[in-house]
Structure formats: C-alpha cells, structure tokens
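**Q** Would you mind keeping the following structure in view while I ask a few things?
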Amino acid sequence: MFRLFSIKPRVAMLAAAWLVTCLIAACGGGGGGGGGGSSAASNTSSQTPAPSSAQPANVAAISVDHGIAGVPNMPFVSVTVCSPGGASCQTIDHVLVDTGSWGLRVFASQLPASVSLPQQTNGNGGALAECMQFFDGYTWGSVRNADVQIGGERARSLPIQVIDPSYAAVPSSCANTGASRNTPSALAANGILGIGVFKHDCGAACANQAVSGTYYACAGTSCTPTAVAESLQVANPVPFFGTDGNGVIVSLPAVPSGSAPSVSGELIFGIGTETNNGLAQAQVIGVDPLRGVFTTTENGTTYSGSIIDSGSTGLFFSTNQLTACANPNQAYYCPGATEQFSAVNTGANGVTSSVTFSVGNAAQLWQASGGAAAMPLFAGPAFVGSQVFDWGLPFFYGRNVYAAIEQAPTPGGTGPYFAY
C-alpha cells in the first residue's frame with residue numbers, strides 16, 4: 001500500500017511520501033492489478049477542449065478507484081495539458097488530487113511529441129529541473145510551461161514538472177532519498193495535482209537561495225542547485241483560474257460500511273464565487289502562513305503540525321492507544337475491533353472544531369473487502385512524528401473540504417485556511 005502526504009514545512013519543499021506494504025497485492029487478498037487506470041488518453045486534440053456540458057465549468061469529476069496500481073484511498077482527476085496557446089493538448093487520467101502539495105506534476109511518458117512544452121529557464125538562462133524529495137523516494141524532471149485545463153477552468157503558461165528520469169543526469173543530492181518514483185507504476189498515479197493552500201511549491205526559500213534537493217539549472221547533462229524566482233516555480237494551477245481561483249472544494253460522499261469498490265465525487269473550484277461553491281456553515285481552520293499547519297488535540301496529546309491532505313491514504317498519527325499491524329503492515333493500525341475517537345482541531349485563527357473518527361483493523365478490512373478502493377477506517381503511525389496528525393482521505397468521506405489559497409479573499413476570510 002502507498003501513502004502520499006505532506007508534513008514538512010513548505011520552505012523545506014518536501015511535499016509527499018509513499019510507503020509500500022503487503023496491503024497492496026496478493027498478500028492483501030486482492031486488488032493488486034492495474035485496475036481501471038491507463039496511460040494518457042489516445043487522442044490529441046488540436047485545441048483546448050471545451051468543458052463537458054454535463055457539469056458546471058468549475059467542476060471536475062473525482063474518482064476513488066483502483067487507479068493504475070490497486071492502491072486504496074487515492075482520489076483521481078483528469079487533467080488536460082496543452083502547449084501554450086492550446087495548439088495541441090493531451091488529457092491525462094488518474095492524476096492524484098493532493099491538497100497537501102502545490103503544483104502539477106505529470107510524466108513525460110504521458111505526453112505525445114505533438115504536445116510541445118517550452119523549457120523553463122532561470123534568470124541566467126539555465127534550463128530548470130526540479131527534484132521532489134519524499135520520505136522514501138523522489139521524482140526528477142524538467143520544469144516546463146503549459147496551459148492546464150481541469151473541468152472548464154484553465155491556467156495559461158503555467159510552470160509544471162514533467163517527470164522524466166532520462167532528463168540530464170539525476171544529481172546525487174536528489175537521488176539520495178530512497179527509491180526513484182519516476183514511473184507511473186512507482187507513483188501509483190499518472191501525476192500529482194497539488195491544490196493545497198499555497199501558490200508555489202517552494203516559495204521564498206528557493207527564491208532567496210539555492211536549496212540542494214529542490215531546483216537545479218542544467219547545461220547538457222550537468223545540473224547544479226539554483227535559486228528560482230517564485231514566478232518561475234512549479235505552481236498550483238488554482239490561483240491562475242481567474243474568478244474561481246481563490247480555493248477548491250473536495251466533495252466526496254460518505255462510505256457507510258467499512259469499504260466500497262469505488263467512490264465518485266467532485267472537485268469544485270472557487271469558494272463563494274459561484275452558486276455551487278458557497279462556504280455555508282463550514283468551520284474555517286486557519287493555518288500557519290508559512291507551513292500550512294494547525295493544531296490537533298486527541299486524548300490529551302497535542303499535534304502542533306497537523307494537516308488536511310487528500311493525498312494520504314489513511315489518518316496518520318502516533319498514539320499508544322492503538323496497536324500497529326504485524327509485519328509487513330506495521331504502517332497501519334490493527335485494533336481488535338473498530339474503535340471510536342474524538343479530536344479537536346484548533347486553527348491559527350483560534351477557531352476550534354471537534355471531529356469524531358473511527359479506526360479499524362487495516363489488515364482484516366483489506367482482506368475482507370477483496371481490495372476495495374475506498375477504505376474509510378484506515379489509520380496508522382507510519383512516518384509521522386509526534387507533532388503531526390495527518391487527516392488523510394478517510395477524513396474527506398462524507399464532507400465538503402475547502403482549501404483557501406494564501407492571500408486570496410473568500411467569504412470565510414483571506415487564505416490560507418482549510419474549512420469543513
């Protein structure tokens with residue numbers, strides 16, 4: 001099983017993590033095949049496609065399904081990537097929806113030669129490449145400019161990462177973090193759509209100095225760390241969507257039983273900008289403007305670095321109230337019976353919100369489900385430190401979860417914040 005999440009400060013530019021356990025394939029009791037995912041769509045259009053008439057322009061369909069690697073609790077959306085100006089486009093399915101990172105990342109293997117994306121350069125003309133280091137691996141590739149369309153929303157000439165292990169030579173300062181995640185099968189997705197609360201994936205830290213393991217300037221096959229202005233960094237597409245660019249809503253239905261074969265929901269752009277994206281009675285949880293975190297308190301323990309992250313396949317927190325599963329599934333909890341918990345989230349704005357949640361025996365649930373895609377009772381201790389409560393995808397089931405972009409005005413105040 002994979003787990004994707006963001007717990008590091010934004011300035012450190014560590015955006016996600018994966019963990020593989022026995023829960024993925026044969027030893028978990030099913031679901032280990034390729035599922036319904038595919039590589040990029042086969043047809044390349046001559047212009048940017050119009051939004052589907054079946055839904056509003058600010059809505060894109062989300063599917064929690066078996067994806068390309070049979071990993072549960074991964075929400076996917078289709079993204080259309082075009083050469084600047086929209087002369088040639090490619091729609092890529094099974095791109096992970098990730099509220100815990102910032103920026104679009106797709107594989108070079110998903111883009112036909114007809115979709116030509118200009119190379120981004122730094123101020124000195126060096127070809128820009130990016131390394132995204134995770135807890136057990138990394139992605140590597142060039143930074144390119146592209147028009148990006150999701151649903152009927154479009155961002156023009158946006159810097160994106162094109163993941164490509166054959167681009168130049170991967171610097172040792174990039175590859176020193178675990179395994180390469182430079183193929184769709186290794187990533188369990190055809191890309192990552194980072195739509196969290198920040199505009200760029202590194203921000204001022206990388207603009208002010210060269211940070212090893214982040215951005216590089218390449219000449220031929222040689223790449224060296226470089227500072228990169230924020231305007232040239234890989235960017236969250238949402239702030240560049242115009243009217244609907246102040247935030248997003250991830251809307252998924254509840255999963256009333258312990259599992260579901262698949263779940264369909266919506267990714268809605270904008271907060272209070274259209275008739276379908278009002279804030280209603282959602283509680284606004286302000287986050288630290290540099291790190292995007294808030295505080296969770298559970299059973300007397302305070303987690304000051306908490307996050308809300310659709311890219312995490314479970315609720316991840318360290319506690320002595322639950323027993324981890326036996327090896328090789330020790331990344332997850334396996335209580336004797338499903339247990340109920342209550343926690344309080346406290347935002348940087350002082351707002352408090354009580355949340356109840358349940359944790360089941362991950363190994364038994366996975367086997368009993370036959371490898372279902374939606375597993376709302378998954379939780380575990382993997383990788384998170386004592387200060388982190390990671391509210392992963394199980395938190396999203398049955399809720400509208402809002403992510404407001406930094407500095408953007410909304411009916412709930414100026415971002416960054418989460419609301420639900």
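**Q** Inside segment 314-334, can you point out the residues that are in contact (Cβ under 8 Å) with a residue 60 or more places away in the chain, over 18 Å from M375 (Cα atoms) and of a type outside the set (S, T, N, Q)?
**A** The one that is in contact (Cβ under 8 Å) with a residue 60 or more places away in the chain, over 18 Å from M375 (Cα atoms) and of a type outside the set (S, T, N, Q): P328.
**Q** Now a separate question. Which ones in segment 273-295 are of a type in the set (S, T, Y) and touching a residue at least 12 places away in the same chain (Cβ under 8 Å)?
**A** Result: T273, T295.
**Q** Which condition breaks for I249 when tested against (1) assigned to a strand (DSSP E or B); (2) surrounded by fewer than 24 Cβ atoms within 10 Å (Cβ to Cβ)?
**A** Among (1) assigned to a strand (DSSP E or B); (2) surrounded by fewer than 24 Cβ atoms within 10 Å (Cβ to Cβ), the lone unmet condition for I249 is (2).
**Q** Does T275 satisfy the criteria of being farther than 30 Å from G152 by Cα, over 20 Å from the mean Cα position of the chain (by Cα) and of a type outside the set (G, A, S)?
**A** So T275 does not fit the description; no.
**Q** Given (1) at pLDDT below 95; (2) surrounded by fewer than 19 Cβ atoms within 10 Å (Cβ to Cβ); (3) touching a strand residue (DSSP E or B) at 6+ places or on another chain (Cβ under 6 Å), where does S312 come up short, assuming only one miss?
**A** Against the list (1) at pLDDT below 95; (2) surrounded by fewer than 19 Cβ atoms within 10 Å (Cβ to Cβ); (3) touching a strand residue (DSSP E or B) at 6+ places or on another chain (Cβ under 6 Å), S312 comes up short only on (2).
**Q** Select from segment 51-71 the residues that are more than 15 Å from G265 (Cβ to Cβ) and touching a Ser or Thr at 6+ places or on another chain (Cβ under 9 Å) and list them in ascending order.
**A** Passing the criteria: H66, I68, A69, V71.
**Q** From T21, T48, which residue is touching a strand residue (DSSP E or B) at 6+ places or on another chain (Cβ under 7 Å) and either modelled with pLDDT of 95 or more or farther than 19 Å from V250 by Cβ (or both)?
**A** T48
**Q** Also, I was wondering about something else. Give the residue, chosen from G300, G305, G347, that is surrounded by fewer than 24 Cβ atoms within 10 Å (Cβ to Cβ) and more than 22 Å from the chain's Cα centre (by Cα).
**A** G300
**Q** Also: Mind checking which residues of segment 172-188 are at pLDDT 95 or above and part of a loop (DSSP other than H, G, I, E, B)?
**A** Result: N182, T183.
**Q** Do you know which residues across segment 108-128 are free of Cβ contacts under 8 Å to residues at least 60 places away in the same chain and in a loop (DSSP other than H, G, I, E, B)?
**A** Listed by number, the residues that qualify are A113, S116, L117, P118, G125.
**Q** What tally of residues in segment 262-282 results from selecting those that are touching a helix residue (DSSP H, G or I) at 6+ places or on another chain (Cβ under 9 Å) and in a strand (DSSP E or B)?
**A** Count: 3.
Condition check ((1) out of contact with any Lys or Arg (no Cβ under 9 Å at 6 or more places or on another chain); (2) in contact (Cβ under 8 Å) with a residue 40 or more places away in the chain; (3) outside any loop (DSSP other than H, G, I, E, B); (4) at positive phi) across all residues:
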position	(1), (2), (3), (4)
S353	yes, yes, yes, no
S358	yes, no, yes, no
Q367	yes, yes, yes, no
A382	no, yes, no, no
G385	yes, yes, no, no
Y402	yes, yes, yes, no
T414	yes, no, yes, no
F418	yes, yes, yes, no
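**Q** Among (1) touching a helix residue (DSSP H, G or I) at 6+ places or on another chain (Cβ under 6 Å); (2) modelled with pLDDT of 95 or more; (3) closer than 28 Å to A403 by Cβ, there is one condition D164 misses while meeting the rest; what is its number?
**A** (3)
**Q** Condition first: surrounded by fewer than 21 Cβ atoms within 10 Å (Cβ to Cβ) and not small (G, A, S). Now tell me which residues in segment 366-387 satisfy that.
**A** Within segment 366-387, Q367, P381, F383, Q387 meet the criteria.
The values are calculated or read from the model by the stated rules, or taken from the named source; none is laboratory data. The structure displayed is predicted, hence computed values, not measured ones. When we count neighbours, we look across all protein chains shown, and the Cβ atoms used for this are built from the backbone with ideal geometry, even at glycine.
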